[in-house]
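Heads up: the structure comes next, in structure tokens.
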Amino acid sequence: MGAGGRTFVPPSNRKSEADPLKRVPFEKPPFSLSQIKKAIPPHCFQRSVLRSFSYVIYDLTIAFCLYYVATHYFHILPQPLSFLAWPIYWAVQGCILTGVWVIAHECGHHAFSDYQLLDDIVGLVLHSGLLVPYFSWKYSHRRHHSNTGSLERDEVFVPKQKSGMQWYSKYLNNPPGRVLTLVVTLTLGWPMYLAFNVSGRPYPRFACHYDPYGPIYSDRERLQIYISDVGVLAVCYGLYHLVMAKGLAWVVCVYGVPLLVVNGFLVLITFLQHTHPALPHYNSSEWDWLRGALATVDRDYGILNKVFHNITDTHVAHHLFSTMPHYHAMEATKAIRPILGEYYRLDETPFVKAMWREARECVYVEPDHDTENKGVFWYNNKL
């Protein structure tokens with residue numbers, strides 16, 4: 001964990017920085033995980049309870065202020081302004097609550113503090129408040145980190161091979177079809193993944209994040225899945241009483257629409273982190289953990305990078321060292337880029353433009369026909 005000498009520094013890859021669509025190398029890297037770790041200053045691995053809680057308090061304070069303004073002042077605005085104020089509230093509150101989601105995600109990685117119990121309590125409370133089954137997601141997400149880039153074992157946004165494409169796919173491979181696909185993915189993708197494992201890895205039987213006895217979980221994890229379900233049900237019970245007291249429209253405006261924004265950003269962020277024309281996927285004949293962890297991409301969301309606690313533009317470092325707190329990830333990313341060289345990918349394409357490009361270009365994966373590496377798969381869109 002120390003900052004020892006850099007034993008391997010490949011030449012900087014100026015061309016790949018200018019051309020983010022250039023394929024990353026798929027050969028085994030000439031560096032090891034320990035060499036990458038030595039390049040990172042030791043303090044980047046230190047977790048601070050006070051600093052981590054400061055982000056929780058900061059985000060929740062902003063969220064409460066937005067709620068207070070919306071519920072106490074929007075109704076006295078002239079009607080045209082109130083119609084404008086609510087969409088602004090939904091967008092801003094949704095972004096702030098996405099930051100809260102990211103902190104709970106950090107708890108699931110034991111990156112919040114040095115105390116696992118504290119991490120789980122904070123993560124359970126924050127995620128339950130956003131209707132996320134904390135432990136259920138924590139365990140499936142851990143398997144995603146253990147199997148990133150594997151076509152057989154990765155847990156989320158596992159691309160289909162051409163032979164596995166549905167018959168209707170060719171009818172959606174056009175601009176109107178892509179719009180429809182993106183709208184459904186961004187609005188329903190997260191609850192569909194939790195409830196029905198949509199876009200997840202195939203299991204031999206029905207898989208659901210709310211089912212303690214589903215194939216996603218082992219026997220020792222089942223009690224925590226029950227706890228996750230209780231957390232979500234408790235929040236749903238509270239929302240029910242809010243609806244009875246305040247009305248359905250009030251709950252939808254104050255909580256429901258911002259939650260849709262959170263879910264949409266969560267899906268979009270994950271999609272763009274793992275879907276890119278330059279990134280390979282591997283089958284079991286080629287996959288190994290380090291190459292899989294490097295088959296991710298950092299993205300630029302502008303000012304939202306800070307709002308989302310840099311989960312967007314430090315994702316490569318996060319996959320290499322997931323217990324590192326987010327407030328050190330930028331420094332760590334800067335330190336490891338000279339080591340990674342061409343294996344590092346940053347795409348600064350505006351995220352809306354990137355979303356459309358990836359929806360158009362990344363339809364399925366297949367090996368290159370003119371190569372002997374049949375275990376390495378690349379995105380294609382020709383149906």
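The values are calculated or read from the model by the stated rules, or taken from the named source; none is laboratory data. Here the structure is a predicted model, which is why all the values come from computation and not from measurement. Because the Cβ atoms are built from the backbone with ideal geometry, glycine has one as well, and the counts that use them run over all protein chains shown. Only protein heavy atoms, including side chains, enter the accessible area calculation; ligands, DNA and RNA are left aside. Shrake-Rupley method; radii C 1.70, N 1.55, O 1.52, S 1.80 Å.
The test for being open to solvent by less than 10 Å² (accessible area, probe 1.4 Å) and either part of a loop (DSSP other than H, G, I, E, B) or modelled with pLDDT of 95 or more (or both) holds for H276.
Of all residues in segment 299-325, those satisfying the criterion of being open to solvent by less than 20 Å² (accessible area, probe 1.4 Å), at negative phi and not aromatic (F, W, Y) are R299, N305, T312, T314, H315, V316, A317, H319, L320, M324, P325.
Taking L186, is it within 22 Å of A359 (Cα to Cα), surrounded by fewer than 20 Cβ atoms within 10 Å (Cβ to Cβ) and in contact with a helix residue (DSSP H, G or I) (Cβ under 8 Å, 6 or more places away or on another chain)?
Numbers: within 22 Å of A359 (Cα to Cα): yes; surrounded by fewer than 20 Cβ atoms within 10 Å (Cβ to Cβ): yes; in contact with a helix residue (DSSP H, G or I) (Cβ under 8 Å, 6 or more places away or on another chain): yes.
Yes.
In segment 202-229, the residues that are under 14 Å from Y134 (Cβ atoms) and modelled with pLDDT of 95 or more form Cβ pairs under 8 Å with partners that are among the hydroxyl-bearing types (S, T, Y) and open to solvent by 70 Å² or more (accessible area, probe 1.4 Å), at six or more places apart or across chains, as follows: P212/Y226; I225/Y210; S228/Y210; D229/Y210. Screening A85 on (1) within 26 Å of C44 (Cβ to Cβ); (2) of a type outside the set (F, W, Y); (3) surrounded by fewer than 20 Cβ atoms within 10 Å (Cβ to Cβ); (4) out of contact with any Ser or Thr (no Cβ under 9 Å at 6 or more places or on another chain) shows it passes everything except condition (1).
Working carefully through the options T270, T312, find the one that is touching a residue at least 12 places away in the same chain (Cβ under 8 Å), touching a Phe, Trp or Tyr at 6+ places or on another chain (Cβ under 8 Å), assigned to a helix (DSSP H, G or I) and closer than 28 Å to L21 by Cα. Working first, answer last.
Details: T312 fails: assigned to a helix (DSSP H, G or I).
Testing whether each residue is touching a residue at least 12 places away in the same chain (Cβ under 8 Å), touching a Phe, Trp or Tyr at 6+ places or on another chain (Cβ under 8 Å), assigned to a helix (DSSP H, G or I) and closer than 28 Å to L21 by Cα leaves just T270.
Residues of segment 131-153 that are open to solvent by 10 Å² or more (accessible area, probe 1.4 Å) and part of a loop (DSSP other than H, G, I, E, B): L131, N147, L151, E152, R153. I'd like to check something: does segment 45-55 contain any residue that is farther than 26 Å from L130 by Cα, open to solvent by 70 Å² or more (accessible area, probe 1.4 Å) and not polar (S, T, N, Q)? Taking every residue of segment 45-55 in turn, none turns out to be farther than 26 Å from L130 by Cα, open to solvent by 70 Å² or more (accessible area, probe 1.4 Å) and not polar (S, T, N, Q). Checking segment 159-179 against the condition returns no match, with no residue being open to solvent by 20 Å² or more (accessible area, probe 1.4 Å), closer than 30 Å to P212 by Cα and hydrophobic (A, V, I, L, M, F, W, C).
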